[in-house]
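One structure below.
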Amino acid sequence: MPDLIRHDGIHDDEWTLVSAPEEDQELTLPDGPALLPATVWKENRDQFAGRNDIGIWFDSHEEPEAFAEVIDDLPVIAVNFPKFTDGRGYSIARLLRERYGYKGELRAVGDVLLDQLFYMKRCGFDAYALRADKDISQAEHCLNVFSNTYQAAVDNKEPLFRRRKAEAAS
Amino acid sequence: MYVYDEYDRQILNERVAQFRHQTDRALAGELAEDEFLPLRLQNGLYVQRLAPMLRIAIPYGMLRANQLRRLARISRDYDKGYAHFTTRQNVQLNWPAVEDVPDILAELAEVEMHANQTSGNCIRNTTTDQFAGVQSEELTDPRPYCELIRQWSTYHPEFAFLPRKFKIAVNASEGTDRAAVQVHDIGLELVNNEAGELGFRVYVGGGLGRTPVVGPVIREFLPELDLLTYLEAILRVYNRYGRRDNKFKARIKILVKAMTPEAFAEKVEAEWEHIKNSPTRLTREAVDSVKRFFTEPDYQALEDNPDTLQAQRAESKAFDSWVKRNVDKHKKPGYAIATLTLKKTGVPPGDVSDRQLEQLADLAEQYSFGELRVTHQQNVVLADIRQDQLFELWQAIRPMGFATANLGTLTDIICCPGGDYCALANAKSIPVAEAIQRRFDDMDYVYDLGDIDLNISGCMNACGHHHVGNIGVLGVDKKGEEFYQISLGGSSQRDASLGKILGPSFAREEMPQVIEKIINVYVDNRTEEETFLDTYRRIGIDPFKERVYA
Ligand code: HEM
Ligand code: SF4
């Protein structure tokens, strides 16, 4: 099982990321918990009613809007970073957390590198499948490189200008 | 000027430590070149033709004397004793070593400076009018808003990996636009609405480069306190829907064009609806507390146009010319705004030596409350000079090379580093600027020609703003040889427009003569009051074409 970083440490990952079946293929589920492509899950939704071992994953061009109604049912949502420079996943994460109120585990998967972890955390991710060739022992350091931030995001709802003590009028 | 508190200091120091860690890993081979690339760009570090280049931010263009001295020391200790002021209120070092950059950033942090987001696909340094706060016609001082944007955009977690770089500029003067807001990704113009409330007119999707566009207005009035939430909505729409498949089509201008400005505006409004009342909405207290950093210095009660000044101007024609050209009206009686030009013939526009940086620091301390501003025309400004000290200042700056009295004229050329320094260049630009300056060395003639913007870029990236020059020069490559294409009629002013290409390009040797022919068409056709641009707009491009290609 590949390792998964959560905010409380490094865990074995029980979940299998399932890719979209080819046109003429049937969807086959692995044993154990599975993350299905969001659209595949939606098409077969009835089939998974009541299961808490099925989650979904989005690709960076997909829109969380279409899932706003149903995400409460999902224990895990993963967002794929096809390339670490593709920043759409950050907006998707914020929307899931802040607009659609998603409370379950939100994972970053794909081209997940150390230097992006802090930003991912701020946008609402709480689990990270670091790219396999990267040094996972540095993850905790990289998740916490800054002790304060200017803007509001998922991790801190108040921007610094609201937290700063208003300087006494001089 | 804004002064850091504990929060700013801590966040910046943590950034320096972070970049040191990243650089160490890159040098140790733990970070691949393409993985380090966006990280180093977001810390100002380019890798260039001859050496790396470090681009340091100058928020709202302002520098204190101690910062100038630190820049001087850094350019001496880590570079070849030169720095370069750019068209985006940044300063560039052309020869630092990659492994020194964390140390340079640490030295900058000690004087509240940084290279944050001066490059890369993120929100860049926000620019504004170099006369902010000292001229009489502005609605309000734009700098506090730039500072609020700086804080909001610095390490913004959602917008560090945008489809492309992103530039914001703010202007607050009704009559002029020294910040070129209409050719930025977002241009903000401070305005009052009919009820007299303060807010912003919002332009989105302007920019130069390969596809130059004058940005359309997407909102006529945005209330002041909604600034950051609205910016966040724009950036979110861009981050999600901007093209990522093609670098040349990734800028927001392409998205706005493809969607139409109306549809883009609707999308932004829909996004904004959700977040307009979030805690990111500014508070009156937050705005006021930032405004307190931009209050007036300790001005004395003085008379305008003192007798001493009048006598000095009467006595020295050279001084009088400098005052006419390089000195602007100040909002306070008895004070003046003086622009020191970095456009001496033989020196690349915008270049300063370490010694000159120290001289500038001394001048700022002696004459202008210890502060100085840099302009997007690559000059520097002492904004609070006593009128009765102008003569003394002028005498001081003449031997330093800052007194070239050509501000705003044909020889006050904006020029990118071009083929002399830049890996992307198609042609050199510095020698072209110099040749034109040499051809037009008769100052009386240059004054007679009046205000003309001549801008030169060494390639399509348009660092020298050639599209918005009244006369634009663009370096082009033809089968490995350097040529220059001319455009006419561009403006970055309130009547912003893009220049129109004159015709086939020219060899470098021909350039001064070609410019001369263009100028002659103007001189032959102008009416008494017309600037070059007025005449061009009246008579069109054909008379210029006929003369130049005759
Ligand atoms: C030698 C170092 C430099 C390099 C490698 C460089 C690189 C670039 C590149 C690649 C772009 C194009 C971005 C695009 O079209 O999206 C660009 C744009 C720009 N550069 Fe530079 N540049 C350099 C120096 C300068 C200098 C010295 C200035 C100021 C004089 C400058 C000002 C600008 C401006 C204003 C733009 C924006 C044009 C726009 O609005 O699209 N750059 N630069
Ligand atoms: S315009 Fe081209 S040549 Fe000039 S600095 Fe920019 S990238 Fe380099």
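The values are calculated or read from the model by the stated rules, or taken from the named source; none is laboratory data. Computed from a predicted structure; not experimentally measured. Neighbour counts run over all protein chains shown; Cβ positions are idealised from the backbone, glycine included. The area values use the complete protein model at the heavy-atom level, side chains included, leaving out ligands, DNA and RNA. Shrake-Rupley method; radii C 1.70, N 1.55, O 1.52, S 1.80 Å.
Observations on the model:
- A:Tyr150 accessible area, 1.4 Å probe, all protein chains in place, Å² to nearest 10: 10 Å²
- Exposed loop sites here are trypsin sites (Lys or Arg not before Pro) assigned a DSSP state other than H, G, I, E or B and surrounded by at most 13 other beta carbons within 10 Å; excluding them, the longest clear run of chain A is A:104-156.
- Taking a Cβ cut-off of under 12 Å around B:Ala97, the surrounding Lys, Arg, Asp and Glu residues balance to a net charge of -4, with basic ones at +1 and acidic ones at -1.
- Taking every residue in B:274-281 and counting other chain Cβ atoms within 10 Å of its Cβ, the average works out to 4.
- Summary of the geometry: segment B:487-523 and segment B:39-117, compared by the centres of their Cα atoms, lie 33 Å apart.
- When the charge dipole of chain B is built from unit charges on Cβ atoms (+1 for Lys and Arg, -1 for Asp and Glu) and taken about the Cα centre, the candidate among B:Met113, B:Pro142, B:Leu424 whose Cα reaches farthest toward its positive end is B:Leu424.
- In this view, the solvent-accessible surface of B:His330, computed with a 1.4 Å probe and all protein chains in place, comes to about 10 Å².
- A:Glu14 sits among other residues whose Cβ lies under 13 Å from its own Cβ, and their net charge, with Lys and Arg +1 and Asp and Glu -1, is -4.
- Accessible surface of segment B:33-179, 1.4 Å probe, proportion on carbon and sulfur as whole %: 46 percent
- Among beta bridges identified by DSSP and lying wholly in segment B:134-291, the antiparallel ones come to about 75 percent.
- Sorting B:Leu198, A:Leu29 by solvent-accessible area of protein heavy atoms yields A:Leu29, B:Leu198, largest first, with a 1.4 Å probe.
- Summing +1 for each Lys or Arg and -1 for each Asp or Glu among the other residues whose beta-carbon sits under 10 angstrom from that of B:Cys122 gives +3.
- Cut-off 19 Å, label 7 Å out along Cα→Cβ of B:Asp5, residues of segment B:271-293 by amide N: B:279-293
- The residue among B:Leu235, A:Leu29, B:Ile519 whose Cα reaches farthest toward the positive pole of the charge dipole of the protein assembly as shown, with charges on the beta-carbon of Lys, Arg, Asp and Glu, is B:Ile519.
- Per residue, chain B reaches -11000 deg cm²/dmol at 222 nm when only DSSP H runs of four or more residues are counted, each adding -39500 (n - 2.57).
- Taking 4.7 Å between beta carbons as the limit, the unpaired Cys residues of chain B are B:Cys122, B:Cys146, B:Cys415, B:Cys422, B:Cys459.
- Bridge type composition, chain A - antiparallel percent by DSSP, nearest 5: 25 percent
- Using θ = phi - 60° in the Karplus curve 6.51 cos²θ - 1.76 cosθ + 1.60, the 3J(HN,Hα) couplings for segment B:523-537 round to 4, 5, 10, 5, 8, 3, 8, 6, 7, 3, 5, 4, 5, 4, 5 Hz; x is entered for Gly and Pro.
- Accessible surface of segment B:218-280, 1.4 Å probe, proportion on carbon and sulfur as whole %: 54 percent
- Taking the C-alpha atoms of segment B:414-549, convex hull volume expressed per residue in Å³: 99 Å³
- A 1.4 Å probe run over chain A, with the rest of the protein chains in place, finds 47 Å² accessible per residue.
- Note on surface exposure: B:Asp307, B:Asp34, B:Asp412 rank B:Asp307, B:Asp34, B:Asp412 by accessible area, highest first, 1.4 Å probe.
- Prolate/oblate/rounded call for segment B:343-384, Cα gyration tensor, a/c under 1.5 rounded: oblate
- When a 1.4 Å probe is rolled over the protein heavy atoms, the share of accessible surface on chain A that falls to carbon and sulfur comes to 45 percent.
- Take each residue of peptide B:492-505, count the partner chain Cβ atoms within 10 Å of its Cβ, and average: the result is 0.
- For the chain pair B and A, the buried solvent-accessible surface (1.4 Å probe, both sides summed) amounts to about 4200 Å².
- The shape of chain B comes out rounded: with a ≥ b ≥ c from the C-alpha gyration tensor, a/c is under 1.5.
- In the complete set of protein chains, residue-level accessible area for B:Phe532 is approximately 0 Å², probe 1.4 angstrom.
- Anisotropy class of segment B:468-534 from Cα gyration tensor, a/c 1.5 cut: oblate
- The GNM of chain A, with springs linking C-alpha atoms under 10 angstrom apart, assigns the highest mean-square fluctuation among A:Ala49, A:Ala132, A:Ala20 to A:Ala49.
- Of the residues A:Asp8, B:Asp362, the one with the largest accessible area comes first in the ranking A:Asp8, B:Asp362, computed with a 1.4 Å probe on protein heavy atoms.
- Between segment A:32-98 and segment B:233-280, the alpha-carbon centres lie 23 Å apart.
- The amide H of B:Met53, built 1.01 Å from its N in the peptide plane, has B:Tyr46, B:Val47, B:Gln48 as neighbours under 5 Å, considering only residues 5 or more places off or on other chains.
- Summary of the geometry: segment B:529-547 and segment B:285-323, compared by the centres of their Cα atoms, lie 36 Å apart.
- Per residue, the accessible area of segment B:49-158 comes to 24 Å², computed with a 1.4 Å probe over protein heavy atoms only.
- Using 0.36 nm per residue and subtracting the Cα-Cα separation, the extra length available between B:Ser136 and B:Asp451 on full extension is 111.3 nm.
- Average other protein chain Cβ within 10 Å of Cβ, residues A:78-91: 5
- Mean residue ellipticity at 222 nm, helices only, chain A: -3500 deg cm²/dmol; runs of at least 4 DSSP H residues each add -39,500 (n - 2.57), and the sum is divided by the number of residues.
- The protein assembly as shown - share of DSSP beta bridges that are antiparallel (%, nearest 5): 65 percent
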